[in-house]
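Trainee: Take a look at the following structure, please.
The values are calculated or read from the model by the stated rules, or taken from the named source; none is laboratory data. These figures come from a predicted structure and were not determined experimentally. Don't worry about glycine lacking a Cβ; one is built from the backbone with ideal geometry, like all the others, and counts go over all protein chains shown. Heavy atoms of the whole protein, side chains included, go into the accessibility calculation; ligands, DNA and RNA do not. Shrake-Rupley method; radii C 1.70, N 1.55, O 1.52, S 1.80 Å.
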Amino acid sequence: MTWIQPTSVDAVVRARAENPEAIIVAGGTFLGILVRAGMLEADDWISLQDVRELTRLQSLGDLSIGAMVRHRRLELDEDVRGIWPGIAAAFRAVASPRVRNVATVGGVLADADYASDPPSMLVASRAVAEIASVRGSRRVPIEELITGHYSTCLEEDELITRVIVPRPQGPAVYRKLRTRSQEDRPSSSVAAVVHQGTVRVVVGAVSDRPHHFADLCATWRPGNEDSAREIGAGYAERIEYIDDNRGSAAYRRRVVAVEVRRALMQVSS
Amino acid sequence: MNLALRVNGRTIHADVEPETMLVDVLREHAGLTGPRVTCGVGLCGTCTVLMDEQPVSACILMAPLAQGTEITTIEGIPEDDAVVRCFDRHHAFQCGFCIPGMVLTGRAMVAEGHAADREEIREGLGGNLCRCGCYLKIIDAIEEAAQ
Amino acid sequence: MNTSTARARRDQDNNEGTGNARLRPGETSAVQGVNPRITAGIRYATDGGIPGEWHLRIIRSSVPAGRVTGFQTALLDDEIIFLTPDDVDAAGLPAFGCQIADQTVLTREPKFVGDAIAAVLAPTLAAARIAASLVEVSYERAPAVFDEMAAIAPDALLVHRSHATSESDSAYFDMRPQDGTNVCHRFRIRTAALQGRQEPNVITELDDSDTALADAFAQADVIIDEVFHTPAAAHVPMEPHATNAQWVEGRLEVVTGTQTPFNMRQDLAHIFGLAADDVRIVVPPMGGAFGAKTFIRTEAITALAARVSGRPVRCVLDRDEVFNEVTRHPSTVRIRLGAKADGTFVAKRIWAYVNTGAYADCGPGVAQKMGYAGVGPYRFEHVAVDSYCIYTNLPPGGAFRGYGAMQSVWASERAVDLLADRLGIDAVELRRQNLLREGDTFCTGEVMHDSHFEELLDDAASAVGWEKDGDRAGKGVAIMLKGMQTPSKAEARIQLLPDGRYEVQAGTADMGQGASEMLTRLAAEYLKCDVDQIVVCTPDTDRVPYDTRTTSSRSTHMMSRALADAAQDLLQHGTVGHGYVSNDGGLDPDTGQGVASSHWHQGSAAASLDVDEETGVITLRTLYASSYAGKVVNPHGADLQNEGSMILGLGSALFEELQFSDGQMTNPNLSDYNIASALDVVSISHKVMQIPGAEVHGLGETAVPPVPPAIGNAVASFGYHVTRLPMTPERVLAAAPSHEQASPPVGHIQGEEGA
């Protein structure tokens, strides 16, 4: 078994190209759970722990978040809290400070766990992932990056290097509905971000991936309860829901209508 | 692989597979019993250790990720530490299995100024579970230690 | 104590621990200096092993019922020791069980998913894990039954072919197995006028018309008849079950986290054909138990492995195994409650269907307590209770903090509110009107003494600002009584040490409730010395005298009196003092008459909350419990026990539920099974009610049972009549008034108006 610790993105993607079976380790929280449970085995590991360039966080203009930036840093960073409060709120909603001290932005996207908090907010914020490989780099909107349960459009030699979030022009809200303990993962999550008078509403944690319906959002009349209700009903109708310990499909359908409506009224005020 | 980890101010050497979790290195190679395995999914906090002063879940942290950091377990905290003493004064424990993790978490909160009021303390403790249900006295203890 | 002496004590504790082949008594004087539980200065059974021990992994059934037809073990390394039911037979080990002898150490006929069918023993834990994964098992599957009502149906398939009552001390009452059914114990209460009737042996339908006893309700103007459910729940001790065993010159030595050291000694002696003196049980402090660490769990298979291998052996369960090892009994409870128009209670009828899973464990005892706790602290002319302990193919149910009372108090206190609404009487006033007071007779024939129900009720009601006949939107109260283990025995010994200190030798296990601190404080009080003059030895059956067990909140009450006697004896007679107390009694299993409990745990709770009518989410504003403690030994400990009970009750009320698919538990981890966190306890406050000069009462569970119905009654005040725990947002919405046929604020009430 090997564990390598490259110090540059170039070295990582070369190692990845040479050994596509090797597993990339970022924060290692999700991987740690899988490995401990015996659900993931690998001969070779490529750890990002020494790749300094992936830990950069820049907030001049758009927000540029290196893939190895920890959740906790986004939650506490003054600029992020002030200018991208929705992003700060969604990362703050993840698990516990202990997990957020380790979990990374690249990791949460590469895992594509349906019950994670950040993806819906990143989609609502029109965030884009920058992806590198020996073949070059490309940019993919987060809504295209996550394709389903624990699946992404990443090729096997690719690495998420950073996430770029445009500077928002309007309010943002993140609503996390918990149905059990207050430290639970979401039964539903709704992110709504207003940008130049239009809204992007994204519903997460109820289905295999976050859902955004631009045509429904286009009908929004800010501050109008009926409009919010109609959009909520439209979202509720169109999503295909899952059942889990945090709620049945029927329950989720019902509360998504409510939570979307509430989110829209919140960003109106 | 050969790991050299800094734990409580000394260096621990362990020849382990890369997927060995930090908690197992600490318990089996360093003889420390403060970090404990309860949930195995990083959720409950009995395995909490400080990595460069920040609480992390040692039960799901692959040990090589701790290289180059300073690990602190409850065994590395002096008994006259303010948080330890406040836990004692408030009798903030029952069975004690979760308490080292609570103390370390509380210590990081106090050190960083994230224990301003009870709500912030609760928030900080959200991922540390105590089945005996000592939360109220634990919050009392951390609140006092923060003052 | 300064830091250096605290360190010295910690080192001493470390050296003691569980690591030595020859175990020495420990010192856990938990009163002085920084408590070693804070600083990891104590060793749990998980922390240390016996030098040279091998590691055991249990191979578990993947089918809920059937027969093992073979094991494929070709891939196992030569050094691996593989244990099967053949080894159990070769050793001649008999069936065992604390109340019914229905278990074997390893079984060929698994009865639940997770049943122990084989084991592997290897020099390292990693090797044992690999070995366990390499064994392939073939099965012949058999049909299975999971629901208690399906299992009691007349044509249900039988989980066990016959019923065999255990000889163990833990079978402390007469069993009433019902042959040809899955009912391994039936407990009944029949007050005087209802005895001696011709009745069916088992009532299998939830809408049974109960003709034999119908006249009990003749004087009732209003009758509430409703069915309530409680699911299986998990104890979740933070420390998993951990056992170390070795054989030393023909004696079996077991170091294990158990609440029942003397039952363990007796049951292991029975299994291995030894005299009780040839079994030694040592109990390090436990990292929580809550009932999960009672009677034989991993101890018998670990001891067998040690005997077969001739080595010390260690067995520590993984978290999913802890979840499946023992659960809280899922239950269906039907309550029929009749009253006169003025609110006077007339009669109560209870049918409790207690799902004990594949093995009885202490289910018969749980069924009995569920039966009488459901009657509640009220006066009735007539009471009839049927409580059935029913086998199914789920993991076994066992002792669980609240011990059956939680399930029936949930049902009965919800029913009282339904009755109050029906009668148009204030729910607190209706309770007050019917409470048992000093000198009143309980349904078992016991005359109540030291009763404080009215103060407890008033205290809870005022905590949520309850005003008589006022607006009670979002408010609810509940009250309950719960018995203590009766009969039982406790002995204590105090020895003057050569250095002038006193050693307390007592079998009370420390699972976090502060047993050693309680013993230290009391001994110092009785001996009129400083607490640092007292050392408490680790419970070790070679060194401490007999004690029934550390359950049912009995230890503070019983052991305090044994200790007082021991102190008296020592002060009078020299260097060693003995103390002994027993509480006598017990209930007739057919009439429920006798002595249920030598004293009563009495508690109330109140909740005030909001319900989000669109999402069903409940937000607690206040959750309050008031528990009677008599005299308090350790104020911190009393607070912690009471708060901890409430927090457990809160989880049971709102989200704790084990789920199964075809008998397989689907959420045996702390991500899919939530327990309450620091974020969930914002609204909690409580009172430990003390009376100067009163006797010492246990407090370990009192606040568990009243919490779910207090919350349920508050939720019902908005019209959501939830009958199934936990009250998830989804269930709240499903119980919304608009979903009901009838328009009244309370949901569907069966039963008819009387005269």
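Trainee: Evaluate the Debye formula for region A:100-209 with equal point scatterers sitting on the alpha carbons, no solvent, and hand back log10 of I(q)/I(0) at q = 0.11, 0.14, 0.19, 0.20 Å⁻¹, in q order, two decimals.
Mentor: Scattering profile of region A:100-209, log10 relative to I(0): -0.36, -0.57, -1.00, -1.08.
Trainee: What longest region of chain C stays clear of trypsin sites (Lys or Arg not before Pro) that DSSP places outside H, G, I, E and B and that have at most 14 other Cβ atoms within 10 Å? Intermediate results must be reported in sequence, preceding the final value.
Mentor: Working: sites that count: C:Arg22, C:Arg161, C:Arg197, C:Arg437, C:Lys468, C:Lys528.
Free of exposed loop sites, the longest segment is C:198-436.
Trainee: Roll a 1.4 angstrom probe over the protein heavy atoms and tell me the percent of accessible area of region B:82-146 that is carbon or sulfur.
Mentor: On the way: 720 of 1700 Å².
Taking all protein chains in place, region B:82-146 shows 42 percent carbon and sulfur surface.
Trainee: Moving to a separate point now. Taking both sides together, what accessible area is buried at the A/B interface, probe 1.4 Å, expressed in Å² and rounded to the nearest 100?
Mentor: Numbers: alone 12620 and 7600 Å², together 17920 Å².
Counting protein atoms only, the buried area is about 2300 Å².
Trainee: Taking only Cα atoms of region C:505-564, what ratio of Rg to Rh do you get with Rh as the Kirkwood inverse-distance radius? Each step should come with its number before you reach the end.
Mentor: Numbers: Rg = 10.9 Å, Rh = 11.7 Å.
With Rg and the Kirkwood Rh in hand, the quotient comes to 0.93.
Trainee: Mind pulling the per residue volume of the convex hull built on the Cα atoms of chain C? Å³ is fine. Provide the component values of the computation, followed by the final result.
Mentor: On the way: hull volume 117.4 nm³, N = 755.
Cα-based convex hull of chain C, divided per residue, equals 156 Å³.
Trainee: Suppose all protein chains stay in the model; what accessible area per residue would a 1.4 Å probe give for chain C, in Å²?
Mentor: Value returned for chain C: 31 Å² of accessible area per residue.
Trainee: Across region C:400-405, in residue order, what do the Karplus-derived ³J(HN,Hα) couplings come to in whole Hz, using 6.51 cos²θ - 1.76 cosθ + 1.60 with θ = phi - 60° and x for Gly and Pro?
Mentor: Once θ is set to phi - 60°, the couplings for region C:400-405 become 8, 2, x, 6, x, 4 Hz.
Trainee: To the nearest 100 Å², how much accessible surface do chains C and B hide from each other in total, with a 1.4 Å probe? Don't skip to the end; give the middle numbers.
Mentor: Details: alone 26150 and 7600 Å², together 29610 Å².
The C and B chains share an interface burying roughly 4100 Å².
Trainee: Once phi is turned into ³J(HN,Hα) by the Karplus curve 6.51 cos²θ - 1.76 cosθ + 1.60 with θ = phi - 60°, what whole-Hz value does each residue of region A:246-257 show in order, with x for glycine and proline?
Mentor: After applying 6.51 cos²θ - 1.76 cosθ + 1.60, I find 9, x, 7, 4, 5, 5, 5, 4, 5, 7, 4, 4 Hz.
Trainee: Once amide H atoms are built 1.01 Å from N in the peptide plane, which residues 5 or more positions from C:Leu481, or in another chain, come under 5 Å H to H?
Mentor: Sorted by chain and number, the residues that satisfy this are C:Gly376.
Trainee: Ok, one more. Go from 0 up to the bin containing the longest alpha carbon distance in region B:1-67, width 10 Å each, and give me the % of pairs per bin.
Mentor: Per 10 Å bin, starting at 0, the Cα pair percentages come out as 24, 60, 16.
Trainee: When the C-alpha atoms of region A:41-153 are aligned to their principal axes, what extent does each axis show, in angstrom, from largest down?
Mentor: Cα extents, longest axis first: 41, 29, 29 Å.
Trainee: Residues of A:241-254, mean number of Cβ from any other protein chain within 10 Å of their own Cβ, rounded to a whole number? The partial results should precede the final answer.
Mentor: On the way: counts 0, 0, 0, 3, 10, 6, 5, 2, 0, 3, 8, 1, 0, 6.
Mean number of neighbouring Cβ atoms from other chains: 3.
Trainee: Please report the accessible area of C:Glu148 (heavy atoms, 1.4 Å probe, ligands and nucleic acids excluded) in Å², nearest 10.
Mentor: 10 Å²
Trainee: Please provide three numbers in whole Å: the alpha-carbon extents of chain A along the principal axes, with the largest listed first.
Mentor: Computed over chain A, the largest-to-smallest principal extents equal 58, 41, 32 Å.
Trainee: I've got another one for you. So which residues in region C:226-248 end up with at least 40 square angstrom less accessible surface once the other protein chains are there, compared with the chain by itself, probe 1.4 angstrom?
Mentor: C:Met238
Trainee: Let me ask something additional. If you average 1/r over all unlike Cα pairs in region C:50-154 and invert the result, what Kirkwood radius do you get in angstrom? If you can, show how the numbers build up before the last one.
Mentor: Numbers: mean 1/r = 0.0661 Å⁻¹.
Its Kirkwood hydrodynamic radius stands at 15.1 Å.
Trainee: Jot down the per residue volume, in cubic angstrom and as a whole number, of the convex hull over the alpha-carbon atoms of region B:82-146. Each step should come with its number before you reach the end.
Mentor: Numbers: hull volume 4.2 nm³, N = 65.
Convex hull volume per residue, Cα atoms: 64 Å³.
Trainee: Taking region C:316-470, how much of its Cα-Cα pair set, in percent, is spaced more than 29 angstrom apart?
Mentor: Numbers: 3213 of 11935 pairs.
Cα-Cα pairs of region C:316-470 separated by over 29 Å account for 27 percent.
Trainee: Here is a further query. How much accessible area per residue does region B:1-145 have, in Å², with a 1.4 Å probe? Don't skip to the end; give the middle numbers.
Mentor: Values: 4180 Å² over 145 residues.
Accessible surface, normalised per residue, equals 29 Å².
Trainee: Here's a follow-up. Using a 10 Å cut-off on Cβ to Cβ distances, tally the other chain neighbours for every residue of B:114-127 and report the average as a whole number. Don't jump to the answer; show the numbers that get you there.
Mentor: On the way: counts 2, 0, 0, 0, 2, 2, 0, 1, 8, 7, 4, 6, 11, 10.
Average per residue, whole number: 4.
Trainee: So what are the three principal axis dimensions of region C:217-311 from its Cα atoms, in whole Å, longest to shortest?
Mentor: Principal-axis extents of the Cα atoms in region C:217-311, largest first: 71, 31, 22 Å.
Trainee: Give the average, rounded to an integer, of partner chain Cβ atoms located within 10 angstrom of each Cβ in C:319-326. Please list the in-between numbers first.
Mentor: Values: counts 6, 2, 0, 1, 0, 0, 0, 0.
Rounded to a whole number, the mean comes out at 1.
Trainee: Using the Karplus curve 6.51 cos²θ - 1.76 cosθ + 1.60 with θ = phi - 60°, work out ³J(HN,Hα) for each residue of region C:682-694 in order, rounded to whole Hz, and write x for Gly and Pro.
Mentor: 3, 8, 7, 8, 7, 9, 9, 7, 10, 10, x, x, 6
Trainee: Pick out, in residue order, every one of the GluC sites (Glu not before Pro) in region A:215-268 that is DSSP loop and has at most 12 other C-beta atoms within 10 Å; say none if there are none. Mind dumping the intermediate values first?
Mentor: On the way: sites: A:Glu225, A:Glu230, A:Glu237, A:Glu240, A:Glu259; in loops: A:Glu240.
Counting only loop positions with at most 12 other Cβ atoms within 10 Å, the GluC sites (Glu not before Pro) in region A:215-268 are A:Glu240.
Trainee: For a quick check: with amide H placed at 1.01 Å from N, whose amide H comes under 5 Å from C:Gly66's, ignoring anything fewer than 5 positions away on the same chain?
Mentor: Sorted by chain and number, the residues that satisfy this are C:Ala142.
Trainee: Stick to the Cα atoms of region A:195-269, pair each with every other, and give me the Kirkwood hydrodynamic radius in Å at one decimal.
Mentor: Mean inverse Cα-Cα distance, inverted, gives 12.4 Å.
Trainee: With only alpha-carbon atoms counted, please give the Rg and Dmax of the protein assembly as shown, in Å.
Mentor: Both quantities, over Cα of the protein assembly as shown: 29.9, 91 Å.
Trainee: Roughly to the nearest percent, how much of the accessible area of chain A is carbon and sulfur, given a 1.4 Å probe?
Mentor: Details: 4860 of 10630 Å².
Carbon-and-sulfur percentage of accessible area, whole number: 46.
Trainee: Please give the peptides C:668-674, C:567-573 ranked by average Cβ packing (other Cβ atoms within 10 Å per residue), highest first, as a rough proxy for protection.
Mentor: Details: C:668-674: 21.4, C:567-573: 15.9.
The packing order, highest mean first, is C:668-674, C:567-573.
Trainee: Pairing the Cα long axis of helix C:3-16 with the longest principal axis of chain C, what angle in degrees results, from 0 to 90 and rounded to the nearest 10?
Mentor: So the inclination is approximately 80 degrees.
Trainee: List the residues whose amide H sits under 5 Å from the amide H of A:Thr152, counting only those 5 or more places along or on another chain, with H placed 1.01 Å from N in the peptide plane.
Mentor: A:Thr147
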